[in-house]
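Trainee: So that we are looking at the same thing, I have put the structure below in structure tokens.
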Amino acid sequence: MEKYTANYANTNPNFVIQNIKGENRVRDKYYPMLCVLKNIIQRGYPTTMSEFLQKSIGSIHMEKNFNKKMGFIDRNIPQWSRTIKGDAEEQYYPAKEFFEDMIPKYLPEYQFIQQLMLPEVAFEDIVEDSGEYFHGQQVDFYLPQAKLVIEIDGQRHKIEDVTRINDKERAMFLQKHMIDTVRLTTSEINEASFKNEQFMKKIKLIEARLKQYSSILNFYKSHYEHPPYFINDYNEKLMKSSAIIRFQVLVISLLQKKRIKLDDNDWRLNILARDVEHFAELAIEDLFIWIKNLCKLNKLPYYKPNIQITYCKDAKDYIFENNVINIDFSLLRRWTDENIDYENVIFVRSDYNDKKNYFEVSISDPIKYKIIYDGEESDIPVLKFLLKNIFGFDDFNDGQIPIIVNTLALNDTIGILPTGGGKSLTYQFTALLQPCISFVVCPIKSLMYDQKYNTFKKYITYNDYISSDQDASEKNQVSKNFANGKYFFIWMSPERFQTPKFRKYLEKLNKEKTIAYAVIDEVHCLSEWGHDFRTSYLNLIKTIRKYCPSSTLLGLTATASSFVLEDLKVEFNLSADNIKTLTSFTRPELNFHVIKDDSESLDDKEKELIQLLKRLDEKDNIFTLDNENSKSGLIFTMLKNGSMGCYDLSLRISGEFNINAEWYSGEIPKKTVSTNGRRVKISVMPQDKFDEYKLKVQNDFQENKYPLLVATKAFGMGIDKSNIRYTIHFGIPGSLESLYQEAGRAGRDKKEANCYILYSREKLTPDEFEILFNPDTSIEEISKIQEKYGFKNSRDILRNFFFWLNSNKGIAYEFKVMKKIYDSFAKKGTTQLIECKKLEYSFSEIQKAIYKLSLLGIIEDWTIENWNKGSQIIKIKLNKYTKKTIMDSLLKYIKRYDKEFNLDITNEQDIKYSKYIKILRDKSLKEYEKAILILLEWGYDNIVYNRRQSIKNILELCDGYSDPSTFKEGIEKFFRFSEKSYLLDHIAQNPTDIESWFRIFYENGENIEEELEENKVILEKNKLQEIQGSLSRLLESYRYNTGLNYISGIVRFLLDEFDNQDGKYRLESALGQIDKYKKDEKQKILKRTLKIGKIAKKENKEDLSELLCEYYPNNIIDIYESLEDNFSLLKVIKNSKERIQKIGGAL
């Protein structure tokens, strides 16, 4: 007997198929495809019908009564001929007598429970984890709807002490699981007609239990006494749709066992349809629409046999035929043992247990799809068919298909799509097209909750998450269900992969089930260069590779800088071909507005916020709740505490507008209270309440129970809500990526939405601005400016620096942590336990240090043995390293990002290398200490630089704001991928490819020599700004890239922005490196630079000439002849004068 959970309607989901013989033919070429089809059909309870069935029957899931349940129950007494035990010799069946005669006689009000009561039930079918002690034992009767066991004991039973003890233990065990046991003896049954006192007492116990569960039982009673099944058109649709899905599962099972085959000439189906008719034709027609599409996608031959269906409604008229599939089909009847007498008839019946979930993913090997993109054989229409019929969307968003196609081909893939671009659909779609299970790694709990909520809205219900909000038993249950194939995919945090127990679970799971995809959502968190870097992501890919070696990796993000992409390419070990993204990240539905605040008082910013909300409410009634028509809003703030924090702001907005504005943050906010005359800060709620609050506030926001949420960036990755009509940034975020990701929460329904930035300018001097954004500024210089103004007097820019500075303790501090771990535990080739408390550093600091020691090849792997706060223990596994392997690992790591980097002693005078060479020459340091210091110095230099460039890019856009369209164009240039941006990416990886530098400046860029001759330099401002936008993204990562710095300097020169930090400074840096090139290369660069400079504005030529004269002192005449500027002219005159003087002196 096979048991299933599946439905298109809100009726009983559980049913059985009896007498279906044979084993699944797993080696058949159609088998994996049939598994996929079976999974899709059963993807949720309930799930939606296909487009074909909805047109044929109706879209019942759209009906207002869809959530109202209809229960199946038959009026005929179930016939049990063999199962209910008794004495065959004596023809004595007290249990059967109780079931057939006494229930209607002594429980007349509950006579219908005969239809719901199951005899001879195995213990493990009542309590899943019944253990070995009760394994194989049975109870006489079980009524699942009342959690009631009824036992009928024989006389002999009473006198066996062992049995009596066993009965007691069984009853106690069941009671622990909220299941009552009532025991009747055979003598009590025999004397029942005399109204035996003991018998009546137990009948009363049964009756009391039934009354206790009257809610569910009355539901069935009403259906039993007044059958609703065919009283109206809607109920008939429920009946037919329920019959269709059960029949479809039956047909797929027959195909899997090859009882019937797709290439058969005929299928003959002889159906005894006891309570619903004419469902098989629709069921089969729909299946073949699915099969035709899936065959095309799988490149399998498609066949459709001639199908003959015969119906019979009355069992008396039903004739069993040979060489025909005979089926006894009923929705209302529950299964019995009647199938034993008709072994050549397949029985389809409802199950007794309404609550149990029998669903299991149909498993096979992963399918390596070969999707055809275009032409007459294109598979794109098939993908769109699947999209429409599973998810309800008519078409894919831009960029989704390349990710899906690459992933379905079982290629490790990184997918980059804008916020709102539908990243989640790419993994959900691909996972459902594999006959396997998958898992998704999520960095934040709110994202897990949100994605589960949205898949359930699409009627895909077989998924779950494991999060820290769950207790141990809940986590274990989800893990167990996943291992048993109960879910298509689960979401889990990256921290789980750091625990030895979970790794063992994963290893075992990989052996027992096929894992198709390991999805890493928000994959940019994996890189230390990402703005949301998580230490728990550090060893993630290596762990997945080790414990799930056959799974395909899919990393998804809305944001990835060049350094992040470099990390991802190395970690995933993939080529650029497997990075799938859009050429444009445009969101046409979003409008951006910058509101500049130049006031002296920071309090004015809040007033501006209130005024903005008033204007929005007057215009659009943003605080009026109207289900999905509500105009929801999100306010992002950098802080959780204080007057500008999410908690206080939400309270003041609530009071100002008399609404319920909620708040959300990653950690518990604090409020100030007076205690004994002192003002102290306390948490606004305890931790357990905080976890509950966050989940509730997220769900309520999705359900439109309040209009506005004030949140920190902890909510930035965690919501997919279609009707957010506006976002407000209460201060500029730390990067354009953060802005676009957070603002991109709006307009998910593709309708117009507005994104506001309330920007408070800093009151800094020009010199202080220059120091903040000069690429050579040290972290100490930034800290001095920060300390001068303090946090309270800081505005948007300095507050962004403050948060970053606070989260980084500095090189000296990090060096101490790494040295302490090395000195205490670095014994080659061993495994060591680190008790964090004993090291006197925080858990996160130690993890970060371990990661950096792994970059040097000292530590191979680590796991968390104890997560308890204050007593964390980390197990590290050390490599058999040497001085040489440490230095090789250091150089390999740095060269991943800076291809020109080296530690050649001859570079000692070069500003780029001097500090590193100085460390190498320091005889007071041990070799490993030198490697640690160089790693930290290089890291801090580049991370400080990276953060500063990120802030600079968003600052320039906000300062230059004139109108929404120009601002938005500036953002989109940053993210846009074009021919020139791909060329810039190439230069980032190949910084000395001189030919490519100059291809940037010419329209075609292919035939450089010809274009140089004609000097067709790009001069149009919009095209130069396009290049500048793409450069801005790359320059956040690359500080000393010669090619990018050269291009940036020349672009700013042509845009009249040479004084910008990305102009003259970068060109000078590039010329310093070019000065080390071979003579012919240097001359080629000069010649081409002068070609570009020749056609620039006259007033700009002086600055370019000054730089070129400094680095090309022997070519000053060439410079003057090209630029005709005064600076080089004076140099020529001066040099000529000096030569004349020398000649005169010689004479």
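The values are calculated or read from the model by the stated rules, or taken from the named source; none is laboratory data. Just so it is clear, the structure is predicted and the values come from calculations on it, not from any experiment. Every residue, glycine as well, gets a Cβ built from its backbone with ideal geometry; the counts of neighbours run over all protein chains shown.
Trainee: From the residues in the range 303-331 that are over 46 Å from the mean Cα position of the chain (by Cα) and under 24 Å from Gln115 (Cα atoms), which one is modelled with the highest pLDDT?
Mentor: By that ranking, first place goes to Cys312.
Trainee: From the list Tyr110, Tyr92, Tyr133, which residue is buried (at least 17 other Cβ atoms within 10 Å of the Cβ) and out of contact with any Asp or Glu (no Cβ under 7 Å at 6 or more places or on another chain)?
Mentor: The unique qualifying residue is Tyr110.
Trainee: Report yes if Ala714 is surrounded by fewer than 22 Cβ atoms within 10 Å (Cβ to Cβ) and of a type in the set (Gly, Ala, Ser), otherwise no.
Mentor: yes
Trainee: Which ones in the range 331-351 are hydroxyl-bearing (Ser, Thr, Tyr) and buried (at least 22 other Cβ atoms within 10 Å of the Cβ)?
Mentor: Ser350
Trainee: Right, here's the next one. If you take the residues of the range 317-343 that are charged (D, E, K, R) and outside any loop (DSSP other than H, G, I, E, B), which of them is farthest from Ser550 (Cα to Cα)?
Mentor: Asp317
Trainee: Name the single residue that is surrounded by the most Cβ atoms within 10 Å (Cβ to Cβ) among those in the range 95-105 being without any contact (Cβ under 8 Å) to a residue 60 or more places away in the chain and closer than 17 Å to Asn76 by Cα.
Mentor: The extreme case among them is Phe99.
Trainee: Anything in the range 794-803 that is modelled with pLDDT of 80 or more and assigned to a helix (DSSP H, G or I)? List them, or say none.
Mentor: Residues satisfying the conditions are Asp796, Ile797, Leu798, Arg799, Asn800, Phe801, Phe802.
Trainee: Would you be able to say whether some residue in the range 278-286 is of a type in the set (A, V, I, L, M) and more than 28 Å from Ile363 (Cβ to Cβ)?
Mentor: Yes, the range 278-286 contains at least one residue that is of a type in the set (A, V, I, L, M) and more than 28 Å from Ile363 (Cβ to Cβ).
Trainee: For the range 528-563, which residues satisfy the criterion of being in contact (Cβ under 8 Å) with a residue 60 or more places away in the chain, farther than 22 Å from Asp720 by Cβ and not polar (S, T, N, Q)?
Mentor: Once the filter is applied, which keeps residues that are in contact (Cβ under 8 Å) with a residue 60 or more places away in the chain, farther than 22 Å from Asp720 by Cβ and not polar (S, T, N, Q), the range 528-563 yields Glu528, Trp529, Leu538, Leu540, Lys542, Leu553, Phe563.
Trainee: Quick one: is Asp464 charged (D, E, K, R), crowded, with 20+ Cβ neighbours inside 10 Å and part of a strand (DSSP E or B)?
Mentor: Here the answer is yes, as Asp464 does meet what is asked.
Trainee: Take residues that are within 22 Å of Asn7 (Cβ to Cβ) and modelled with pLDDT of 95 or more and tell me which of the helices (runs of 4 or more DSSP H) falling wholly in the range 344-443 contain 1 or more.
Mentor: Because the criterion is at least 1 residues that are within 22 Å of Asn7 (Cβ to Cβ) and modelled with pLDDT of 95 or more, the helices (runs of 4 or more DSSP H) in the range 344-443 that meet it are 380-386, 423-432.
Trainee: Among the candidates Leu255, Leu272, single out the residue that is farther than 18 Å from Arg333 by Cβ, surrounded by 21 or more Cβ atoms within 10 Å (Cβ to Cβ) and either among the acidic types (Asp, Glu) or outside the structural domain of Leu107 (by TED's automatic domain parsing) (or both).
Mentor: The unique qualifying residue is Leu255.
Trainee: Just to confirm my filter: which helices (runs of 4 or more DSSP H) fall fully inside the range 6-122 and include at least 2 residues that are over 26 Å from His223 (Cα atoms)?
Mentor: By residue number, 31-41, 51-57, 94-97.
Trainee: While we're here: Being under 26 Å from Leu387 (Cβ atoms), surrounded by fewer than 24 Cβ atoms within 10 Å (Cβ to Cβ) and out of contact with any helix residue (DSSP H, G or I) (no Cβ under 9 Å at 6 or more places or on another chain): is that true of Lys458 here?
Mentor: Answer is no for this residue.
Trainee: Here's something else I'd like to know. What single numbered condition from (1) within 26 Å of Asp471 (Cα to Cα); (2) in contact (Cβ under 8 Å) with a residue 24 or more places away in the chain; (3) in contact with a Pro (Cβ under 8 Å, 6 or more places away or on another chain) fails to hold for Lys640?
Mentor: (1)
Trainee: Here's a follow-up. So if I check each of Asp776, Asp767, Asp796, which one is out of contact with any His (no Cβ under 8 Å at 6 or more places or on another chain), in contact (Cβ under 8 Å) with a residue 12 or more places away in the chain, surrounded by fewer than 17 Cβ atoms within 10 Å (Cβ to Cβ) and within 23 Å of Gln1061 (Cα to Cα)?
Mentor: Unique residue meeting the criteria: Asp776.
Trainee: Free of Cβ contacts under 8 Å to residues at least 12 places away in the same chain, outside any strand (DSSP E or B) and in the same structural domain as Leu602 (by TED's automatic domain parsing), is that true of Asp720?
Mentor: No.
Trainee: Which ones in the range 1004-1022 are under 18 Å from Gly1093 (Cβ atoms) and either surrounded by 15 or more Cβ atoms within 10 Å (Cβ to Cβ) or modelled with pLDDT under 80 (or both)?
Mentor: Selection gives Ile1008, Glu1011, Leu1012, Glu1013, Glu1014, Asn1015, Lys1016, Val1017, Ile1018, Leu1019.
Trainee: Can you name every residue in the range 529-542 that is over 16 Å from Ile444 (Cα atoms) and surrounded by fewer than 20 Cβ atoms within 10 Å (Cβ to Cβ)?
Mentor: Lys542
Trainee: Examine the range 348-359 for a residue that is within 30 Å of Gln18 (Cβ to Cβ), over 25 Å from the mean Cα position of the chain (by Cα) and of a type in the set (A, V, I, L, M, F, W, C), and state whether such a residue exists.
Mentor: Yes, there is a match, as at least one residue in the range 348-359 is within 30 Å of Gln18 (Cβ to Cβ), over 25 Å from the mean Cα position of the chain (by Cα) and of a type in the set (A, V, I, L, M, F, W, C).
Trainee: Tell me whether the range 679-686 contains one or more residues that are within 31 Å of the chain's Cα centre (by Cα), surrounded by fewer than 20 Cβ atoms within 10 Å (Cβ to Cβ) and not in a loop (DSSP other than H, G, I, E, B).
Mentor: Yes, the range 679-686 contains at least one residue that is within 31 Å of the chain's Cα centre (by Cα), surrounded by fewer than 20 Cβ atoms within 10 Å (Cβ to Cβ) and not in a loop (DSSP other than H, G, I, E, B).
Trainee: Name every residue in the range 45-75 that is in contact with a strand residue (DSSP E or B) (Cβ under 9 Å, 6 or more places away or on another chain) and closer than 26 Å to Leu294 by Cβ, in order of residue number.
Mentor: Within the range 45-75, Tyr45, Pro46 meet the criteria.
Trainee: Here is a further query. If you go through the range 43-70 one residue at a time, how many are closer than 13 Å to Ile244 by Cβ and in contact (Cβ under 8 Å) with a residue 60 or more places away in the chain?
Mentor: Residues that pass the stated criteria total 11.
Every residue, every condition in (1) over 22 Å from Phe701 (Cα atoms); (2) assigned to a helix (DSSP H, G or I); (3) not assigned by TED's automatic domain parsing to the domain that holds Thr552, yes or no:
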| residue | (1), (2), (3) |
| --- | --- |
| Phe563 | yes, yes, no |
| Val570 | yes, yes, no |
| Ile595 | yes, no, yes |
| Gln611 | yes, yes, yes |
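Trainee: If you don't mind, there's one more thing I want to ask. In a helix (DSSP H, G or I), of a type in the set (D, E, K, R), closer than 25 Å to Asp567 by Cβ and in contact (Cβ under 8 Å) with a residue 12 or more places away in the chain - does that describe any residue in the range 804-825?
Mentor: Yes, because at least one residue in the range 804-825 is in a helix (DSSP H, G or I), of a type in the set (D, E, K, R), closer than 25 Å to Asp567 by Cβ and in contact (Cβ under 8 Å) with a residue 12 or more places away in the chain.
Trainee: So, restricting to helices (runs of 4 or more DSSP H) that lie completely within the range 207-306, which ones have at least 2 residues that are in contact (Cβ under 8 Å) with a residue 60 or more places away in the chain, small (Gly, Ala, Ser) and closer than 19 Å to Phe15 by Cβ?
Mentor: 233-256
Trainee: Restricting the search to the range 956-966, which residues are assigned to a helix (DSSP H, G or I) and over 16 Å from Ser738 (Cβ atoms)?
Mentor: Within the range 956-966, Asp959, Pro964, Ser965, Thr966 meet the criteria.
Trainee: For the range 106-151, which positions are without any contact (Cβ under 8 Å) to a residue 60 or more places away in the chain and on the phi > 0 side of the Ramachandran plot?
Mentor: Correct list: Glu120, Gly131, Gly136.
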